[in-house]
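> Please see the structure below; I have some questions.
The values are calculated or read from the model by the stated rules, or taken from the named source; none is laboratory data. All figures in this text were calculated on a predicted structure; none of them were measured in a lab. With ideal geometry, Cβ positions are generated from the backbone for all residues, glycine too; neighbour counts draw on all protein chains shown.
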Amino acid sequence: MKTLKSIGYSIELGSDSLRQLNQFLKNENYSSYFIICDENTLNHCLPALLSSSMILKDAEVIEIESGEASKDLEIASHIWQTLIELKADKQSLIINLGGGVVSDLGGFVASVYKRGIDFINIPTSLLSMADASVGGKTGIDFGAVKNVIGTIKQPKGVFINFDFLKSLPERHVNNGLAEVYKMALISDAQFWKKLSDRTNDDDLEYVITKSITLKNTIVKKDPLEKNIRKALNFGHTVGHAIESVLLGTKNELLHGEAIVIGMMAEAWLSYQKKGLTKTELNYIVSVLKTKFNPQAIHTSYTNAIVDLSLNDKKNSKNEIRCVLLNGVGDYKIDVAITPVQIKKALEYYNSVVE
Ligand SMILES: NC(=O)c1ccc[n+]([C@@H]2O[C@H](COP(=O)([O-])OP(=O)(O)OC[C@H]3O[C@@H](n4cnc5c(N)ncnc54)[C@H](O)[C@@H]3O)[C@@H](O)[C@H]2O)c1
């Protein structure tokens, strides 16, 4: 059992975390509880949550459909409507029981309902345990643009129960690991070395704990992403654009899968524009390729990916701004990139995976 202190709340990790949650609920005395989950977390995680705390016996459960498409204004409206009908008030608590989709959406809904009510995250996917549940970024997608509507509002607590991983499909384990590898690349060369040498997933509790500890250290220093927090977006300028372009097509990728491609493309840009050496580039690309087996991106998508990169939240003055690596464990934020360079990075990516 481990506790990390974050910005005004605690992150509880381990087998005791649901007991800690029960204690938290006893201390806080909320007027009512609304558990947001999707069909998978309803089946696999809700029973354990409900049996961990008598306080939640009358909680209302709001179920959304699983998947990125639920990070949508219409779904958010449906939840607000339900909260109004069920008379949620300023002292109500929203409990996000799920992966990053549930915590991004549920956190956003809570952060503006009645000008903001409390919410907590109980992450159930590897990606949300290792990354999304901490840091207070909430939001939804709008049209083709990912995470473009949102808020930064810290949860009141994060309770990480590794047992939930038992039912998580293998594809989603790898998906979450992508963000872990990113965390190591930007901030911890030793951790990256350990990840590079991994041969199986026996160490998930360790890698999640390490990853969320690294993230928490960064967001505590820069909660509003004015400066170093931008580093967490390594791989995301190209990655988000790819994820958005493929959303709803037969080639749709999970968030982490798109970020792997983004990291490989942006590692090449780091070699071109920053201090990353050819040896480091080859090392990073070969580790990511071996671990994640990413597929080529058809050139018919290139223009749309470049266009969407121009819409990225990190941009400024119509320039694409990217996080690049100076080396493993060292980064540079706000590097200006041209559309042509993005195109070339995609060509490089395809040349190494084809
Ligand atoms: N806010 C942030 O800081 C942040 C950081 C990284 C990613 N994100 C966002 O997170 C989202 C991706 O998160 P995700 O990969 O967790 O997606 P997700 O919430 O869709 O979960 C992945 C899948 O796993 C299922 N699932 C979750 N837990 C399960 C369990 N214990 N057993 C069985 N099935 C389970 C879900 O139902 C879903 O089908 C993206 O929208 C991304 O933008 C946010």
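> Could you list, ordered by first residue, the pairs with Cβ atoms under 7 Å in which the first is in the range 91-113 and closer than 23 Å to Ser52 by Cβ and the second is within 8 Å of the ligand (Cβ to nearest atom) and of a type in the set (A, V, I, L, M), at least 6 apart or interchain?
Asn96/Val102; Gly99/Leu127; Gly100/Leu127; Gly100/Ala132; Ser103/Ala132
> Can you pull out every residue in the range 240-257 that is near the ligand (Cβ under 10 Å from one of its atoms) and in a helix (DSSP H, G or I)?
Those that are near the ligand (Cβ under 10 Å from one of its atoms) and in a helix (DSSP H, G or I): His240, Glu243, His255, Gly256, Glu257.
> On to the next question. Would a scan of the range 18-33 turn up a residue that is assigned by TED's automatic domain parsing to the domain that holds Asn161, assigned to a loop (DSSP other than H, G, I, E, B) and over 18 Å from Pro155 (Cα atoms)?
For the range 18-33, residues assigned by TED's automatic domain parsing to the domain that holds Asn161, assigned to a loop (DSSP other than H, G, I, E, B) and over 18 Å from Pro155 (Cα atoms): absent.
> Out of the range 107-124, which residues are out of contact with any Leu (no Cβ under 6 Å at 6 or more places or on another chain), within 11 Å of the ligand (Cβ to nearest atom) and outside any helix (DSSP H, G or I)?
The answer is Asn121, Pro123, Thr124.
> Could you list, in sequence order, the residues of the range 263-280 that are surrounded by 20 or more Cβ atoms within 10 Å (Cβ to Cβ) and not charged (D, E, K, R)?
Met263, Met264, Ala265, Ala267, Trp268, Leu269, Ser270, Tyr271, Leu276
> Would you point out which residue out of Phe24, Phe108 is buried (at least 17 other Cβ atoms within 10 Å of the Cβ) and over 18 Å from the mean Cα position of the chain (by Cα)?
Phe24
> Answer with yes or no whether Ile84 is under 22 Å from the mean Cα position of the chain (by Cα), hydrophobic (A, V, I, L, M, F, W, C) and either buried (at least 21 other Cβ atoms within 10 Å of the Cβ) or over 27 Å from Glu205 (Cβ atoms) (or both).
So Ile84 fails the test.
> Only one residue in Val352, Val260, Val306, Val287 is assigned to a helix (DSSP H, G or I), surrounded by 15 or more Cβ atoms within 10 Å (Cβ to Cβ) and touching a Leu at 6+ places or on another chain (Cβ under 6 Å), so which one is that?
The conditions single out Val260.
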